[in-house]
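Below is one structure; the comments refer to it alone.
Bear in mind these aren't lab numbers, they're just calculated from the coordinates by the rules spelled out. From a predicted model like this one, the values you see are computed outputs, not experimental measurements. Positions of Cβ are backbone-derived with ideal geometry, glycine not excepted, and every protein chain shown enters the neighbour counts.
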Amino acid sequence: MQQTDFLIIGSGVAGLRAAIELAGAGAVNVITKGAVAEGSTWRAQGGIAVALAEGDEPELHMKDTLRAGAGLCDEEAVRVLVEEGVSCVEELISWGAKFDEENGRLSFTQEAAHEIRRIIHAMGDATGEEVHRTLMRKARGIKNIKFMEHTFLVDLITDEKECSGALIIDKNGRTQIISAGATILASGGLGQLYKDTTNSEVATGDGVAVAWRAGCELQDMEFVQFHPTTLYLPSAPCFLISESVRGEGGILRNSEGKTFMAGYHEMGDLAPRDVVSRAIFSQMWRTGSGSVFLDMTHLKPGFLRKRFPNIYLTCKEYGLDIASDLIPVRPAAHFLMGGIRTSLTAQTSIERLLSCGEVASVGVHGANRLASNSLLEGLVFGKRAGVSAARYSGRGIAVGKGSPEEKAKPKAKPDLKHMKKSLKQLMEQKAGIVRCGKSLGEALEKLEEWDKIAGGACASIEEFELRNMITAARLITASALKREESRGAHYRSDCPDTDDKHWKKHIVIKSSDVSS
Ligand code: SIN
């Protein structure tokens, strides 16, 4: 058994920011499933939305965030995000983060559903890389922060009320308990539940599944955001093409070469993400095509190469020149708006357990996240999680009586690879961009069947991971089935209207409220 003051699960922007905040308060262990940079932070392209441009102010940022969130944002949480976001970004710059500049001043780009250009970016389209590098440099310089890479979280250790650490499998395959005064879950999202995703291999919903088993309250699990534009080529991996490409003038065309977004929303190609993703989905359906196209051919080649070096080079690798070719794109699972329900101080419903970043749901995103608000959320609420956790420094670290117990081994060994593939297909088809009561009911039935096969005792990380994927998929599907309306990223073809009278509220769930 290891003992520490603070255990942080996840090494993305939120986890790192929390670790830095805790530096003066005690020993911090950061565990992470892959290598430190393997999560979503490093992959973020577009930037950070922050009210720093001339003529901008937090109030305007708040207005755009609330509008994109389709009536489900928590206003107080959004106010914290947009106001504290300014000083968090300035602090990051003071730690050495280099954002792109024009004439010696920060350069701002445009993204969907923002009324003004307020997104700062780094190295053109590699903002996440710069943010992560800066935080890692800062964290590595603090001697009481210890990193454990390739370490898998099996379960939290809790009694009815408190969390006292976690059961983990370390990089050598050893199972051990890390006992902690406070635990912060910052383990990221669950894009890997879907066939097409912008997320890395590690994003399998472990955090929400573990929190669910521990009895934590979750909310808004039905709201999964699909990014409208990812590269679609049979030979290429699903690669994000930043929304800022459209912010700089890129245009969507269907397979007949026609523009179409003006027919769906007054903001056209820069409509909120959920609107653009559904519009693309319906164009693909109507034309029987596997993608639509992003057209940048009217933009200057030199500008494109400089502004989007990463996208330019990746497309080139697959034989496409973004300056002269139309780029085939289609939506892919990108971000979970819901997750572990937290207060403004990152407190979950379990004492000594805090949560921040994508795995948490503090209410800043509502039913649809505004573009480039996620790195900001990680900075602001990561810092707040650190402040909250600090009060548990040096407190008792006894292991709770609810420690996970070994259960009987399942009789039949599931074919893990096959089951994961089937789960991704099922979620894409039945709980994806467009869902309905029938498809969700079918998906839930299947998932419950699979849970019986793979949900029991597990013997390897792959088995634990599959169990978590099934749990997270069940939570999304059950919540989506319950919400009998359409709102933001949750679109039900059998209930296409938004129903404020009955559904302008969060769906909050916890395992003790469910019979099976
Ligand atoms: C992008 O660059 O389009 C992604 C930004 C985000 O998800 O907010």
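Things to note:
- Overall form of the stretch 206-319 per C-alpha gyration tensor (a/c, 1.5; a/b vs b/c): prolate
- For the stretch 132-183 versus the stretch 352-397, the spacing of their alpha-carbon centroids is 16 Å.
- Length-normalised contact order of the stretch 46-201 in % [C-alpha pairs under 8 Å, at least 6 apart]: 17 percent
- Extension gain for residue 418 to residue 321 (0.36 nm times residue separation, less C-alpha to C-alpha distance): 31.3 nm.
- Paramagnetic label reach from residue 94 (point 7 Å along Cα→Cβ; backbone nitrogen cut-off under 17 Å): within the stretch 1-35, residues 17-18, 20-24.
- Simple point charges give the picture: +1 on the Cβ of Lys and Arg, -1 on the Cβ of Asp and Glu, and for the chain a dipole about the Cα centre of about 1060 debye.
- When each of 133, 246 is scored by the number of other beta-carbon atoms lying within 10 Å, the sequence from fewest to most is 133, 246.
- Whole-Å distance, taken between Cα centres, linking the stretch 450-487 and the stretch 1-30: 28 Å
- For the stretch 1-68, GluC sites (Glu not before Pro) meeting the loop criterion (DSSP other than H, G, I, E, B) and having at most 15 other Cβ atoms within 10 Å: 54.
- Extension gain for residue 175-residue 155 works out to 6.1 nm (0.36 nm per residue, less the C-alpha to C-alpha distance).
- Where only DSSP H runs of four or more residues are counted, the chain gives -10500 deg cm²/dmol as its mean residue ellipticity at 222 nm, each run worth -39500 (n - 2.57).
- Each residue, residue 140 and residue 459, gets one label point 7 Å from its Cα in the Cβ direction; the gap between the two is 3.9 nm.
- In summary, the helical segments of the chain meeting the span-like criteria, namely a full DSSP H run, a Cα extent along the axis of 27 angstrom or more and a mean Kyte-Doolittle hydropathy of at least 0.0, are 75-94, 461-482.
- Kirkwood-type hydrodynamic radius, the chain: 22.9 Å, calculated from all non-identical alpha-carbon pairs.
- Too-long pairs where the Cα-Cα distance tops 24 Å, listed order kept, from 417/482; 33/383; 138/161; 33/482: 417/482; 138/161; 33/482
- Residues of the stretch 228-261 with amide N under 20 Å of the 7 Å Cα→Cβ point at residue 300: 244-251
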